[in-house]
Amino acid sequence: MVKSMTTAWAPGRVNLIGDHTDYSGGLVCPMAIELGTTVELSPGGTTVELTSDLEPGPAIVALGGAPGRAEGWAAYVAGVVGVLAPAQGGKGRVSTTLPVGAGLSSSAALEVALALALGADPDDPVRVAEACQRAEQIATGVPCGIMDQLVSMAGVEGHAVVIDCTTLVREPIPVPDGVEVLVAHSGEARALRGSAYAERRAQVEAAAAALGRPLADVAPPEVEQLDDAVLRKRARHVVRENARVRAFAAALSGRDAATAGALMNESHASLRDDFEVSTPALDALVAGLQAAPGVWGARLTGAGFGGCAVALCDTGRRPPLDGPAWVVRPSAGARVTRS
Ligand code: GLA
């Protein structure tokens with residue numbers, strides 16, 4: 001009998017604009033990137049057993065077990081296996097071209113690649129992304145939104161993707177010739193991310209409850225009616241960030257890098273001052289990028305509390321940086337082949 005092999009690949013992502021808007025049904029504009037994670041799996045059996053090029057020990061997860069019990073990278077494997085409850089397991093190996101823990105969604109790439117390797121339907125990106133979002137929440141305890149997993153499934157070559165996180169409808173936005181996307185690491189790990197992320201999400205939900213409707217349906221002036229000063233700032237960020245995503249998409253589609261970059265700069269100020277998820281190291285990195293010749297705009301990207309900044313640059317005019325940095329190219333979403 002010929003042994004079958006399933007190979008699934010899923011990309012990481014960088015978010016160009018629209019942070020902390022996904023979990024209130026707002027707009028985001030991430031881009032799947034050419035760096036990603038591959039899972040090669042020989043299906044069969046009642047456990048999922050994986051080795052990783054980057055990890056010392058294997059991840060071994062029994063089907064039918066309680067999700068979330070595992071430690072380290074096995075927690076992501078256990079999350080996916082627990083949520084998907086596949087009919088059979090498999091043995092295989094994980095490899096990645098993504099820097100792990102750098103803010104390029106290496107965990108979402110692992111979840112999506114594993115879900116596809118275990119038989120999730122590649123033609124149903126929303127369903128796969130929702131399962132992987134749940135797996136991430138179980139694995140990390142962080143009540144994350146759907147952006148990372150959905151763009152990993154639904155990326156479009158040469159494009160960023162605006163996602164309406166209420167309807168989950170996607171609109172590809174071409175990344176124009178002549179500009180490139182640079183990701184630079186602040187050197188700070190995202191230590192407080194778990195609890196602080198959950199706190200921000202709770203504040204956004206409290207603001208929506210006080211206003212009586214989802215923030216995605218609220219106009220900027222209405223936010224100023226909120227009595228609570230903290231909720232007012234959080235809601236102000238979310239509502240204006242949604243408007244910035246729309247304006248950014250229009251600017252990028254019109255090849256107007258100057259306007260797109262200015263909106264990224266505004267987004268950073270809002271994440272720093274109103275949403276309060278930046279750090280001194282991120283602020284310094286972003287300020288340096290914004291001042292560099294050939295850079296149209298820069299902002300922190302992803303959850304914040306450390307991690308990475310993203311900049312829109314003229315092609316070939318990469319600013320000098322002290323820390324790790326990557327020029328990332330827009331990629332298609334995840335794919336799977338069976339042989
Ligand atoms: C993390 C989460 C996403 C999103 C961003 C912030 O990456 O996984 O769902 O909320 O933070 O925009």
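The values are calculated or read from the model by the stated rules, or taken from the named source; none is laboratory data. This is a predicted model, so every value here is computed, not measured. So basically every Cβ, Gly included, is an ideal-geometry build from the backbone, and we count neighbours across all protein chains shown.
Summary of values
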{"quantity": "Top-ranked residue of the stretch 284-295 - restricted to ones that are crowded, with 17+ Cβ neighbours inside 10 Å and of a type outside the set (A, V, I, L, M, F, W, C), ranked as farthest from Ile173 (Cα to Cα)", "calculated": "Gly288"}
{"quantity": "Residue under evaluation Asp121, criteria (1) in a loop (DSSP other than H, G, I, E, B); (2) farther than 27 Å from Ser186 by Cα; (3) touching a residue at least 12 places away in the same chain (Cβ under 8 Å); (4) out of contact with any Pro (no Cβ under 7 Å at 6 or more places or on another chain), criterion not met", "calculated": "(3)"}
{"quantity": "Restricting the stretch 88-106 to residues that are farther than 18 Å from Arg329 by Cα and at pLDDT 95 or above, the residue that is nearest to the ligand (Cβ to nearest atom)", "calculated": "Val94"}
{"quantity": "Answer from Ala196, Ala207 - the residue that is modelled with pLDDT of 95 or more and among the small types (Gly, Ala, Ser)", "calculated": "Ala207"}
{"quantity": "Pick from the stretch 268-283, criterion within 16 Å of the ligand (Cβ to nearest atom) and within 12 Å of Glu188 (Cα to Cα), ranking: surrounded by the fewest Cβ atoms within 10 Å (Cβ to Cβ)", "calculated": "Thr279"}
{"quantity": "All positions within the stretch 121-132 that are buried (at least 24 other Cβ atoms within 10 Å of the Cβ) and farther than 22 Å from Leu16 by Cβ", "calculated": "Val128"}
{"quantity": "Selected residue (criterion: nearest to Arg201 (Cα to Cα)) from residues of the stretch 284-305 that are touching a Gly at 6+ places or on another chain (Cβ under 9 Å) and more than 12 Å from the ligand (Cβ to nearest atom)", "calculated": "Ala298"}
{"quantity": "Residue check, Asp322 closer than 21 Å to Val28 by Cα and of a type in the set (Asp, Glu)", "calculated": "no"}
{"quantity": "Some residue of the stretch 88-97 being in a loop (DSSP other than H, G, I, E, B) and either under 30 Å from Gly178 (Cα atoms) or polar (S, T, N, Q) (or both)", "calculated": "yes"}
{"quantity": "Selection from the stretch 140-182 of residues that are part of a loop (DSSP other than H, G, I, E, B) and of a type in the set (Ser, Thr, Tyr)", "calculated": "Thr166, Thr167"}
{"quantity": "Flag if Thr37 is over 22 Å from Leu63 (Cβ atoms), surrounded by 24 or more Cβ atoms within 10 Å (Cβ to Cβ) and either among the hydroxyl-bearing types (Ser, Thr, Tyr) or away from the ligand (no atom under 16 Å from the Cβ) (or both)", "calculated": "no"}
{"quantity": "Residue under evaluation Asn15, criteria (1) over 26 Å from the mean Cα position of the chain (by Cα); (2) within 13 Å of the ligand (Cβ to nearest atom); (3) polar (S, T, N, Q), criterion not met", "calculated": "(1)"}
{"quantity": "Boolean, Val183 is surrounded by 23 or more Cβ atoms within 10 Å (Cβ to Cβ), in contact (Cβ under 8 Å) with a residue 24 or more places away in the chain and within 13 Å of the ligand (Cβ to nearest atom)", "calculated": "no"}
{"quantity": "Single residue of Ala8, Ala32, Ala78 found to be touching a Pro at 6+ places or on another chain (Cβ under 7 Å), away from the ligand (no atom under 16 Å from the Cβ) and in contact (Cβ under 8 Å) with a residue 40 or more places away in the chain", "calculated": "Ala78"}
